[in-house]
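Have a look at the structure below before the remarks.
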Amino acid sequence: MQDFLEFRTISKGYPGVQALSNVSFSVRKGAVHGLMGENGAGKSTLIRVLSGDQSADTGEILIDGAQQHYRSVRDAFHAGVIVIHQELQLVPELTVAENLWLGRFPGKAGVIDRQQLTGVVSKKLAEIGIDVDPSVKVASLSIGERQMVEIAKAVMLDARVIALDEPTSSLSSRESEILFSLIDRLRANGTVILYVSHRLDEIFRLCDSLTVLRDGKLAAHHPDISKVTRDQIISEMVGREIANIWGWRERSLGQERLRVENISGAKLRHPISFSVRRGEILGFFGLIGAGRSEMARLVYGADARNGGTVSVDGVTITADSPPHSIRSGIVLCPEDRKFDGIVQGRSIEENMTISSRRHFSPFGIINPKKEGALADKFIAKLRVRTPSRRQDIINLSGGNQQKVILGRWLSEEGVKVLMIDEPTRGIDVGAKSEIYEILYELAADGMAIVVISSELPEVMGIADRIMVMCEGRIAADIPRAEFDERRILAAALPDVQNANTLSHAQVR
Amino acid sequence: MTSLKKLLLGEQGLVVIFALAFLVVSLTVPNFLTERNMLGLLQSVVTIGIVACTMMFCLASRDFDLSVGSTVAFSGMVAVMASNATGSILLGLVAALICGGLVGTVNGVVIARFRINALITTLATMQIVRGLALIASDGRAVGINDPSFYQLALSRFLGIPTPIWVMALFFVAFGFLLNRTVFGKNTLAIGGNPEASRLAGVDVARMRIWIFALQGLVCAVAGVLLASRITSGQPNAATGLELSVISACVLGGVSLAGGRAAMTGVIVGVLIMGIAENVMNLLNIQAFYQYVVRGLILLMAVLLDNLRSSAAGRRA
Ligand SMILES: Nc1ncnc2c1ncn2[C@@H]1O[C@H](COP(=O)(O)OP(=O)(O)OP(=O)(O)O)[C@@H](O)[C@H]1O
Ligand SMILES: [Mg+2]
């Protein structure tokens, strides 16, 4: 089949960063094309150029042989290009149908034709196989369902090219599966799909062809994905071999460090208890909505507790707020980077040292040399791609922002208990193994580490013990020697009989 | 981008524009660049300048304070009345600082602990405090008994009136506080993302109370200097001050959405406000037009800021 979408020598620079240089490749009609690369490699930038959100410095885009000259997202819309960003663009207070018609409501003289409004939408949704009621408000849908609605919107607009930027990063595995089958149907209709992801499994499951970017340049282009191996792609991305991403080694565990007893709160009714030893990495696995993040927020004092105690090294902590917890040696790296993590408008340096700077600030006066040195150290250690530590964090790529937030807690002193919620969401393979290495080092120094993750391979890869949560309760506690994928998954699923209501249980 | 555009829209764009405007005005407006006029100009911005220091913190942390004008008038009144009553200027000053600090602390506690919107809270205290000033003085100006109270405003050091020194000192101190201390950085962090700051261990509620308390104290200082300059406590002094101060801050690039502020910007903002008024006075432009011009300057500043953000290509 012929090439349908073609990028020709696209370059795009930002102050201090060449985000894309001379990128050229093309995608066949009806193909799902993967786009991979390290954090900051330029994937999102390429998508932004395609969507008309940013204009390229040089180069051109051709669709079906015709050169595109659009200068705004609207123009790209009309050319049939639709981008689904990670931050979804629906209006929560409108219904699904209203969202799908937004901007061009059917009807006469300003009066909306309700019949047509929902009628056409239900037909369209059924056609592409999306099981969502068009008359409910978007606010009541799960993230996965919202993503479906976004895709439906693209289909309704007769999109010829749909680009998805890390669509599965906040989906449960079930929701991801539904997304994949939807993508399969779109492919059969001849739509070109550009798919950005850090997850190799998904890439192999979905894509026909693949492009790897590295430092803004085209590192490799594979017109047929069946001719490449995982290891090959990884080394094309990071420029070196990574034998074993997890790198887990046996560690000696010390005495009990963190003890949580009967903790409960508004969103976690059943009391929860567990403990972690010095040097131990405890993994928390469960479906989205199982209550893992709520549990961690309660331990950290981010949300009000109804009851229960937390003790560190045998001493009960009376603290019930983040500043107190930090001083008692408990820290939490939150799950939602955008709302709970980054401080927009401030530099990488300030974002990284927001908590730890008090250690080098006698009388509250910051020592800028030490602050800079600390920031530079973790920028190097976590391989944050940036021209300078003074760069506004909002200008970093998604994965690099995540690394900065991790750096915030890895640079904190006196931490006894480190809890990390989804540590590697949106982070590339190379940096992942780097981060695991840091966690092992910290554990070896005696820290107790709690890792919450929705990625089973990750929890199984790095944890010494796994606790499985299901519907707000602890469903299983499994030591490393007994790790078994089936057993863990079975514990995470609510009730087998209720399996079909599962997708609703995952609503967050 | 052409280099001119780069210069105007860069970090120091406002300073460049200010320098150009200053040059043009100096060359075209008679009597502008004289020592007498310069000192007069600086004297006229002392109240705005001092209060802008803490308003900058308030705005940077995504808060808002409408009660500053009332607090300035009230604490000026208190200073005069207390020193008249006790015969001690020092006691008068202390009383004024206590009252100002109290108003600020009340603002802060209501806003941070009871989570009432800052705009509403300070709109309320603005009226309450103005009312208190009117009640205390029975609506009339209260004259100063001890002439040495005047000396606060009249005395000079190295030929420059004390209030100008005080303002300069405040600029330096608060510039340092903003850029070099944990307090300042935390203020900016709260403005950038309050929830993220809370989770990162910043005691957001306490910070906000401190910021408002400081604002009250600083208003008291401005109130005392103002009373001394106008030789009496006036219950209607400093009406509309809050708008001038917020304008000066916004002119100086402080973001109303929080998270962005710079002392140099605020200083320039204060000076632009002062120069505009001064020049219009020198040119005998009617006071009615001055409102229009001030509004236009503010609009232009905001537009400039907008252009600057989009030139910098911010994503958010
Ligand atoms: N507005 C901007 N200003 C300055 N630099 C920017 C801006 N936008 C992107 N960049 C830089 O361009 C480079 C490419 O960013 P991009 O977002 O395309 O990366 P990415 O491949 O999507 O990474 P990730 O996997 O982390 O999402 C990064 O180094 C980033 O810091
Ligand atoms: Mg990206």
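If the condition is being part of a helix (DSSP H, G or I), of a type in the set (D, E, K, R) and open to solvent by 10 Å² or more (accessible area, probe 1.4 Å), then segment A:441-458 contributes only A:441. Scanning segment A:438-475 for residues that are modelled with pLDDT under 90 and under 19 Å from residue A:279 (Cα atoms) returns a single hit, A:438. For residue A:9, the conditions (1) open to solvent by 30 Å² or more (accessible area, probe 1.4 Å); (2) of a type in the set (Ser, Thr, Tyr); (3) in a helix (DSSP H, G or I) all hold with the exception of (3). Among residues that are buried (at least 24 other Cβ atoms within 10 Å of the Cβ) and modelled with pLDDT under 95, residue B:191 is included. Is it fair to say residue A:226 is modelled with pLDDT of 90 or more and buried (at least 17 other Cβ atoms within 10 Å of the Cβ)? Against the criterion (modelled with pLDDT of 90 or more and buried (at least 17 other Cβ atoms within 10 Å of the Cβ)), residue A:226 does not qualify. Is there a residue being in contact (Cβ under 8 Å) with a residue 40 or more places away in the chain, assigned to a helix (DSSP H, G or I) and more than 14 Å from every other protein chain (Cβ to nearest Cβ) anywhere in segment B:195-205? No: segment B:195-205 contains no residue that is in contact (Cβ under 8 Å) with a residue 40 or more places away in the chain, assigned to a helix (DSSP H, G or I) and more than 14 Å from every other protein chain (Cβ to nearest Cβ). Of the helices (runs of 4 or more DSSP H) entirely within segment B:46-129, those holding at least 2 residues that are among the polar types (S, T, N, Q), touching a helix residue (DSSP H, G or I) at 6+ places or on another chain (Cβ under 9 Å) and surrounded by fewer than 24 Cβ atoms within 10 Å (Cβ to Cβ) occupy B:68-86.
Here is a yes/no grid of residues against (1) surrounded by fewer than 20 Cβ atoms within 10 Å (Cβ to Cβ); (2) in contact (Cβ under 8 Å) with a residue 12 or more places away in the chain; (3) of a type in the set (Phe, Trp, Tyr):
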{"residue": "B:222", "(1), (2), (3)": "no, yes, no"}
{"residue": "B:226", "(1), (2), (3)": "no, yes, no"}
{"residue": "B:255", "(1), (2), (3)": "yes, yes, no"}
{"residue": "B:260", "(1), (2), (3)": "no, yes, no"}
{"residue": "B:272", "(1), (2), (3)": "no, yes, no"}
{"residue": "B:286", "(1), (2), (3)": "yes, no, no"}
{"residue": "B:294", "(1), (2), (3)": "yes, yes, no"}
{"residue": "B:299", "(1), (2), (3)": "yes, no, no"}
{"residue": "B:305", "(1), (2), (3)": "no, yes, no"}
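Among residues of segment B:228-249 that are acidic (Asp, Glu), those with a Cβ under 6 angstrom from a residue that is open to solvent by less than 20 Å² (accessible area, probe 1.4 Å) and at pLDDT 90 or above, sequence gap 6+ or separate chain, pair up as B:242/B:68; B:242/B:69.
Within segment A:9-34, residues that are within 14 Å of chain B (Cβ to nearest Cβ) have Cβ atoms under 6 Å from residues that are open to solvent by 20 Å² or more (accessible area, probe 1.4 Å) in these pairs: A:12/A:56; A:12/A:57; A:13/A:57; A:16/A:387; A:17/A:387; A:19/A:12, counting only partners at least 6 apart in sequence or on another chain.
Yes/no matrix, rows are residues, columns are (1) under 17 Å from the mean Cα position of the chain (by Cα); (2) within 14 Å of another protein chain (Cβ to nearest Cβ); (3) surrounded by 20 or more Cβ atoms within 10 Å (Cβ to Cβ):
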| residue | (1), (2), (3) |
| --- | --- |
| B:231 | no, no, no |
| B:237 | yes, no, yes |
| B:243 | yes, no, no |
| B:247 | yes, no, yes |
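In segment A:298-332, the qualifying residues are those that are open to solvent by 20 Å² or more (accessible area, probe 1.4 Å) and assigned to a loop (DSSP other than H, G, I, E, B), and the one that is nearest to the other protein chains (Cβ to nearest Cβ) is A:321. Condition first: surrounded by fewer than 24 Cβ atoms within 10 Å (Cβ to Cβ) and among the aromatic types (Phe, Trp, Tyr). Now tell me which residues in segment B:194-220 satisfy that. Hit for segment B:194-220 is B:210, nothing else.
Just to be sure, is residue A:90 more than 13 Å from ligand 2 (Cβ to nearest atom), in the same structural domain as residue A:13 (by TED's automatic domain parsing) and open to solvent by 20 Å² or more (accessible area, probe 1.4 Å)?
Numbers: more than 13 Å from ligand 2 (Cβ to nearest atom): yes; in the same structural domain as residue A:13 (by TED's automatic domain parsing): yes; open to solvent by 20 Å² or more (accessible area, probe 1.4 Å): yes.
Here the answer is yes, as residue A:90 does meet what is asked.
Here the condition is being within 15 Å of ligand 2 (Cβ to nearest atom) and more than 12 Å from every other protein chain (Cβ to nearest Cβ); of A:383, A:389, A:425, it holds for A:425 alone.
If you go through segment A:374-412 and pick out every residue that is within 25 Å of residue A:437 (Cα to Cα), open to solvent by 60 Å² or more (accessible area, probe 1.4 Å) and over 24 Å from the mean Cα position of the chain (by Cα), you end up with 2.
Residues in segment A:242-280 that are part of a loop (DSSP other than H, G, I, E, B) and either in contact with a Phe, Trp or Tyr (Cβ under 8 Å, 6 or more places away or on another chain) or open to solvent by 70 Å² or more (accessible area, probe 1.4 Å) (or both): 14 in all.
In summary, helices (runs of 4 or more DSSP H) completely within segment A:128-241 and bearing 1 or more residues that are closer than 18 Å to residue A:26 by Cα occur at A:173-188, A:200-206. Those helices (runs of 4 or more DSSP H) of segment A:29-127 in which 2 or more residues are at pLDDT below 85 and under 25 Å from residue A:9 (Cβ atoms) occupy A:73-78. Among the residues of segment A:333-366, those identified as more than 21 Å from the chain's Cα centre (by Cα) and either acidic (Asp, Glu) or within 8 Å of chain B (Cβ to nearest Cβ) (or both) are A:345, A:346, A:349, A:350, A:354, A:355, A:357, A:358, A:361, A:364, A:365, A:366. Assessment of segment A:43-50 against the conditions (open to solvent by 30 Å² or more (accessible area, probe 1.4 Å), within 14 Å of chain B (Cβ to nearest Cβ) and within 14 Å of ligand 2 (Cβ to nearest atom)) yields at least one matching residue.
Just one of A:389, A:358, A:383 is within 12 Å of ligand 1 (Cβ to nearest atom) and either of a type in the set (D, E, K, R) or free of Cβ contacts under 8 Å to residues at least 24 places away in the same chain (or both); which is it? Give the steps one after another, and end with the answer.
Working: A:389 fails: within 12 Å of ligand 1 (Cβ to nearest atom); A:358 fails: within 12 Å of ligand 1 (Cβ to nearest atom).
Among A:389, A:358, A:383, only A:383 is within 12 Å of ligand 1 (Cβ to nearest atom) and either of a type in the set (D, E, K, R) or free of Cβ contacts under 8 Å to residues at least 24 places away in the same chain (or both).
Has segment B:163-176 got at least one residue that is within 10 Å of chain A (Cβ to nearest Cβ) and at pLDDT 95 or above? Break it down into steps so the answer makes sense when it comes.
Taking segment B:163-176 and keeping what is within 10 Å of chain A (Cβ to nearest Cβ), we get B:176.
Keeping just the survivors that are at pLDDT 95 or above gives B:176.
Yes, the conditions are met somewhere in segment B:163-176.
Can you go through B:72, B:110 and tell me which one is modelled with pLDDT of 95 or more and under 21 Å from the mean Cα position of the chain (by Cα)?
Numbers: B:110 fails: under 21 Å from the mean Cα position of the chain (by Cα).
Just a single option satisfies the conditions, and that option is B:72.
When you look at residue A:369, is it surrounded by fewer than 20 Cβ atoms within 10 Å (Cβ to Cβ), away from every other protein chain (no Cβ under 13 Å) and more than 23 Å from residue B:62 (Cβ to Cβ), yes or no? No, not satisfied. If you go through segment B:16-69 and pick out every residue that is polar (S, T, N, Q), within 21 Å of residue B:164 (Cβ to Cβ) and over 11 Å from the mean Cα position of the chain (by Cα), you end up with 6.
The values are calculated or read from the model by the stated rules, or taken from the named source; none is laboratory data. Owing to the predicted nature of the structure, the values given are computational and were not obtained by experimental measurement. Because the Cβ atoms are built from the backbone with ideal geometry, glycine has one as well, and the counts that use them run over all protein chains shown. Just the protein is used for accessible areas: all its heavy atoms, side chains included, with ligands, DNA and RNA removed. Shrake-Rupley method; radii C 1.70, N 1.55, O 1.52, S 1.80 Å.
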